[in-house]
Amino acid sequence: MKFPILLGLLFASGAGLVHAASLEQPLADLRAVQKEGEGNEKATAAWQQIAKADPASLPEILAAMNGANPLAENWLRAAIGVVADQAIAAKKLPVDAVKAFLLDTKNSPAPRVVAFDILQHAEPALAEKLTPGLLEDPSSELRRHPVAKLTGAGDEALAQGKKDAALASYQQAMKGARDEDQIKNLAKKLKDLGSPVDLPTHFGFVRSWKLIAPFTNVERKGFDTVFPPEEKIDLGASYPGKNGDVKWTDFTSTDEYGQIDFNKPYTMLKEVTGYAYTEFDAAEERDAQIRLGCKNGWKVWLNGQLIFARDEYHRGAKLDQYKLPVKLKKGKNQILVKCCQNEQTETWTVEWQFQLRICDDTGTAILAAK
């Protein structure tokens, strides 16, 4: 939590502590900072005031991170680090208030993570005590701590020859794990112990689709062209495609990470457009996220409404690259994905694929009712 340069700025000012009543305007000025330097001068002055705040103001400063833009969040994080370091050194950290802020899940994940980091630094025994309760936390970052602890306990048990205890620890950790690196690590450990993990189910990947392709994407015009699947879903229809008539075909991915690879049924084509359609049966109406990974140009519709689109190619793909908030209706939900392949011929441009999963905002899979 040390910020020596920022502390230098603070001490250079020579002023005393700023009490909570004085923080409303500085916090507003800091939250107003924007890219390209807009509000920078006010933010600099505001930061110096906030960094001199009384330790009792820490929860108020943490709360200012709720809903802040990324730049303002970084400024506030640095100011919190200065105030917390001084409070810890002076033994004036408001431990109960910081703990209460951490445990209040109405606060945003980012400041809650900062609050936990403060407690880890100032009160490691308390942080250790709180850790198991974070296994089902709404913040995936806070879940990392109990998952790591359980994984370590499993490793220790395995080293002592206690296979059943290790298995139990790894399985409990897997239930709480939401980050790809921890899930991969635990999946391997569980597989080695003879208890393989159903990764597609754990993540909530949608693997069974109807595909239709290839339509044209010559000169990259396919992205904006409205081909028949965008107008109406008729799974029995055939349409003029780039190289002749095209019709819908069944495709079920066997990939552990749910890749829907157009190259498999259609071969490695270029300057083409494909569509994937599926129906997701939701047990109830609810908020959800469609999370997509794709390095091609793409569009996603839910129940006929365009959710989001990205017209770029081969800049890399990763799990949960795009997080799209949606509202699922009870029963059948129609999902349509448009995936465009461009003209590039380098070996690293051959991918014509996407992965899609449905989950809540913690990354916990939402599985189809049927």
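For region 141-152, a residue qualifies if it is surrounded by fewer than 19 Cβ atoms within 10 Å (Cβ to Cβ) and in contact with a helix residue (DSSP H, G or I) (Cβ under 8 Å, 6 or more places away or on another chain), and the qualifying residues are Glu141, Ala148, Lys149. Take the conditions more than 23 Å from the chain's Cα centre (by Cα) and surrounded by 17 or more Cβ atoms within 10 Å (Cβ to Cβ) and apply them to Asp85. Does it pass? Taking the combined requirement at face value, the residue satisfies it.
Against the definition (over 29 Å from Pro138 (Cβ atoms) and in contact with an Asp or Glu (Cβ under 6 Å, 6 or more places away or on another chain)), how does Glu351 come out, yes or no? Taking the combined requirement at face value, the residue does not satisfy it.
Given the residues Asn40, Asn69, which is the only one that is farther than 27 Å from Ala122 by Cα, assigned by TED's automatic domain parsing to the domain that holds Asp117, over 26 Å from the mean Cα position of the chain (by Cα) and polar (S, T, N, Q)?
Values: Asn69 fails: over 26 Å from the mean Cα position of the chain (by Cα).
It is Asn40.
For region 168-184, filtering for residues that are without any contact (Cβ under 8 Å) to a residue 40 or more places away in the chain, crowded, with 18+ Cβ neighbours inside 10 Å and assigned to a helix (DSSP H, G or I) leaves 7. Scan region 109-126 for residues that are crowded, with 17+ Cβ neighbours inside 10 Å and more than 26 Å from the chain's Cα centre (by Cα) and the total you get is 2.
Given the options Val82, Val98, Val114, name the one that is assigned by TED's automatic domain parsing to the domain that holds Glu38 and either touching a residue at least 60 places away in the same chain (Cβ under 8 Å) or on the phi > 0 side of the Ramachandran plot (or both). Break it down stepwise before answering.
On the way: Val98 fails: either touching a residue at least 60 places away in the same chain (Cβ under 8 Å) or on the phi > 0 side of the Ramachandran plot (or both); Val114 fails: either touching a residue at least 60 places away in the same chain (Cβ under 8 Å) or on the phi > 0 side of the Ramachandran plot (or both).
None of the other options fit; the residue is Val82.
Within region 223-242, can one find any residue that is closer than 14 Å to Gln341 by Cβ, touching a helix residue (DSSP H, G or I) at 6+ places or on another chain (Cβ under 9 Å) and of a type in the set (D, E, K, R)? Within region 223-242, one or more residues are closer than 14 Å to Gln341 by Cβ, touching a helix residue (DSSP H, G or I) at 6+ places or on another chain (Cβ under 9 Å) and of a type in the set (D, E, K, R). For region 19-49, taking the residues that are more than 24 Å from Phe116 (Cα to Cα) and at pLDDT below 75, the one that is surrounded by the most Cβ atoms within 10 Å (Cβ to Cβ) is identified as Gly39. Within region 322-354, being farther than 17 Å from Lys210 by Cβ, buried (at least 20 other Cβ atoms within 10 Å of the Cβ) and of a type in the set (S, T, N, Q) holds for Gln341, Asn342. Could you say which residue among Lys106, Lys99, Lys189, Lys129 is surrounded by 16 or more Cβ atoms within 10 Å (Cβ to Cβ), under 30 Å from Val83 (Cα atoms) and charged (D, E, K, R)? Exactly one residue qualifies, and that residue is Lys99.
For region 220-227, indicate whether the set of residues that are loosely packed, with under 13 Cβ neighbours inside 10 Å and of a type outside the set (Lys, Arg) is non-empty. Give the steps one after another, and end with the answer.
So the first thing to find is which residues in region 220-227 are loosely packed, with under 13 Cβ neighbours inside 10 Å, and the list is 221, 224, 226.
Still in the running and of a type outside the set (Lys, Arg): 224, 226.
Yes - at least one qualifying residue is present in region 220-227.
Quickly run through region 243-263 and pick out the residues that are within 23 Å of Glu343 (Cβ to Cβ) and crowded, with 16+ Cβ neighbours inside 10 Å. If you could, list the steps in order and put the result at the bottom.
Residues of region 243-263 that are within 23 Å of Glu343 (Cβ to Cβ), as a first pass: 243-244, 246, 259-263.
Of everything in region 243-263, those that are within 23 Å of Glu343 (Cβ to Cβ) and crowded, with 16+ Cβ neighbours inside 10 Å turn out to be Val246, Gln259, Ile260, Asp261, Phe262.
The values are calculated or read from the model by the stated rules, or taken from the named source; none is laboratory data. These figures come from a predicted structure and were not determined experimentally. When we count neighbours, we look across all protein chains shown, and the Cβ atoms used for this are built from the backbone with ideal geometry, even at glycine.
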